[in-house]
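Inspection log for the structure reproduced underneath, given as structure tokens.
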Amino acid sequence: MPLTEEPPVVPVTHPPHCIAALRTPLLAAARFRHVGDHSDALVHPIPQANAYSVIFQMQDFASHKLWMDRKLVHAGGHSIATMALTDLTSAYACQHLSDYDNVRLQIRNEVLEELGGELYAGKVPGLRQQQGAEDETMRLLVQALMPSLMRREPGDEAFIEHLTLAMVAHLLRRYGETRMRGADGKPAGKLSGSQLAKATEYVEAHLAQNIALADIAKHCGMSRATFARAFKAAMGMTPFEWVRERRLEHAMNLLRRSDLSLADISAECGFSDQSHFARIFTRSVGVAPRAWRSEQRK
């Protein structure tokens, strides 16, 4: 089929079949799934934005059409685990002609510039658009995001920030219109003792609250990206993993030494509720918190 077909004129509608979504200051993400008849599929205009869209296929997508500025630019399918990267400053419209299951990410240009400026030296370039690209790194990053996307809970903020940093770094390296170079061309240094002390001070003072990576980094006088790299180099784990360990350690101390209820302990340690606390504790420690407390007091 020649790519000259114009889409029918239809009103702007919100995309249907969204089964999960999250929005943070750095990233918007949603999962869309539809099974059924597509013989009369509507053409959906895609809202324009000063942003890039990444669509990752969770299953084979047999057939769809995509228009840019009313010109047909793609007709066909995408395989499972492939991605499309599009610049939403252009006017797109799509028509889904088969079953689909995909994760859609949107990263604003200002976020690319902010995080790219932290990660790399020089001006942040635009990204080369892709259709059906095989990208193992993005596959792993999207898989890591899925639990937070399908069931986001308080405490996920630092983890999502860390993933967004990794996504931006990868997209700029692989798809940037010009080559990106590290800010100094050297491996990241480690946190100093005083910086780690400041990070610990901040986290311990805010355990009962949502803790963002940017807030810890700011308290240490560092950019988010520099802090994340230096922390991993010093501690061998991400800041998110470290914060989760601090929450669990504090919870263990309270279980061992206090008579607070599990609900009160979960609130004081920054878990969203008692159920969330019990899931994380059991997964990490291997036994439920109530049983662990009983064992410690024998």
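Pick from VAL103, VAL35, VAL111 the residue whose mean-square fluctuation is largest in a GNM of the chain, springs joining Cα atoms under 10 Å. Highest fluctuation of the listed residues: VAL35.
For the listed peptides 213-225, 255-267, a ranking on the average number of other beta carbons within 10 Å per residue, highest first, reads 213-225, 255-267. Note on the chain: GNM, Cα springs under 10 Å; of SER63, SER53, SER284, the largest mean-square fluctuation is that of SER284.
Measuring nothing but protein heavy atoms, the accessible surface of the chain at 1.4 Å probe radius is 52 percent carbon and sulfur.
Beyond 27 Å, how much of the Cα-Cα pair distribution for region 158-288 remains, as a whole percent? Tail of P(r) above 27 Å: 30 percent of Cα pairs. Between the helical axis of 239-257 and the longest alpha-carbon principal axis of the chain there is an angle of about 40 degrees.
With a simple spin-label model that places each label point 7 Å from the Cα along the Cα-to-Cβ direction, the separation between ALA214 and THR24 comes to 1.1 nm. Given the DSSP H assignment, sum -39500 (n - 2.57) over each helix run of at least 4 residues in the chain and divide by its residue total; what's the result at 222 nm in deg cm²/dmol, nearest 500? It comes out at -13000 deg cm²/dmol, rounded to the nearest 500. Taking Cα atoms only, the orientation of helix 136-150 departs from the longest principal axis of the chain by about 70 degrees.
Can you tell me the dipole magnitude for the chain around its Cα centre, using point charges on the Cβ only (Lys, Arg +1; Asp, Glu -1), in Debye to the nearest 20?
On the way: 35 positive and 33 negative charges, 193 e Å.
I would put it at about 920 debye.
Counting every alpha-carbon pair across the chain, the share separated by more than 26 Å comes to 54%.
In the chain, taking the dipole from charged Cβ atoms about the Cα centre, the farthest positive-side position among PRO289, TYR52, ASN210 is held by PRO289.
Choose one answer from PRO45, PRO25, PRO125: the residue with the largest mean-square fluctuation in a GNM of the chain with alpha-carbon springs under 10 Å. Top of the fluctuation ranking is PRO25. For region 58-179, the extents of the C-alpha atoms along the principal axes are 39, 34, 23 Å, listed from largest to smallest. Its Cα centre serving as origin, region 165-298 has a Cβ charge dipole (Lys and Arg +1, Asp and Glu -1) of approximately 540 debye.
Taking the C-alpha atoms only, the angle from helix 224-235 to the longest principal axis of the chain is near 50 degrees.
The values are calculated or read from the model by the stated rules, or taken from the named source; none is laboratory data. Source: prediction; values computed, not measured. Ideal geometry is used to build each Cβ from the backbone, glycine not excepted, and the neighbour counts take in all protein chains shown. Side chains are part of the model used for accessible areas, which takes the heavy atoms of the whole protein and leaves out ligands, DNA and RNA. Shrake-Rupley method; radii C 1.70, N 1.55, O 1.52, S 1.80 Å.
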